[in-house]
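> Below you'll find the structure I mean.
Read-outs throughout are calculated quantities, based only on the coordinates presented, and are distinct from any laboratory measurement. Computed from a prediction, not measured in an experiment: that's the story for all the values here. In this analysis, Cβ positions are derived from the backbone assuming ideal geometry, glycine residues included, and neighbour counts consider all displayed protein chains.
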Amino acid sequence: MQSEHLSSSSKAMESLWISSSPSALQGNFIFLSSSSALQDEDLNGWWRHQLAGKKRRLTATQVEFLERSFEFENKLDSERKLQVAKQLGLSPRQVAIWFQNRRARSKNKQLEKAYDSLRASFNKLKADFDNLLKEKDGLQTR
């Protein structure tokens, strides 16, 4: 089955080398023989899994530092992003994504507060309106 998926030039190769991590610089490789029973779909799924890796949570110290940085400025320029990433042992992309997610959470919290404030104002105005209607009906019945 595997041999059907291989091109004629690939058939000449005895093996395939596939990196087990996104960074080929680490030198971690897995050897797959051309006679392997893996289907192309299996190999693609395996590769996606290797690229995705495990989701790593930030430590409490890292989150605290990022939160303090966010309070100071909610957007980082490239230089500051690199500096923060280096201090925390994260990639600049991780820092950028954390800040992007934090800005989204902040915006949602602001919208919730605005909604609560508007809802309270509406309820007060509606109560005042209902009281005025009752007062008007009372005056008309006299």
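> Sort 77-86, 94-103 for me by packing, meaning the mean count of neighbouring Cβ atoms within 10 Å per residue, highest on top.
94-103, 77-86
> How compact is segment 54-93 by the rule of thumb for globular proteins, expressed as Cα Rg over 2.2 N^0.38 Å?
1.14
> Regarding segment 60-118, what's the average projected area of the Cα-atom convex hull, expressed in nm²?
The directionally averaged projection comes out at 4.3 nm².
> Can I ask one more? Bin all alpha-carbon pair distances of segment 84-142 at 5 Å intervals from 0 and give each bin's fraction as a whole percent.
Spelled out bin by bin, segment 84-142 gives 4, 15, 10, 11, 8, 8, 8, 6, 7, 5, 5, 4, 3, 3, 2, 1 percent.
> Right, here's the next one. How large is ³J(HN,Hα) for each residue in segment 112-117, as worked out from phi by the Karplus curve 6.51 cos²θ - 1.76 cosθ + 1.60 (θ = phi - 60°), to whole Hz, x for Gly and Pro?
For segment 112-117, the Karplus curve yields 4, 5, 5, 4, 4, 5 Hz.
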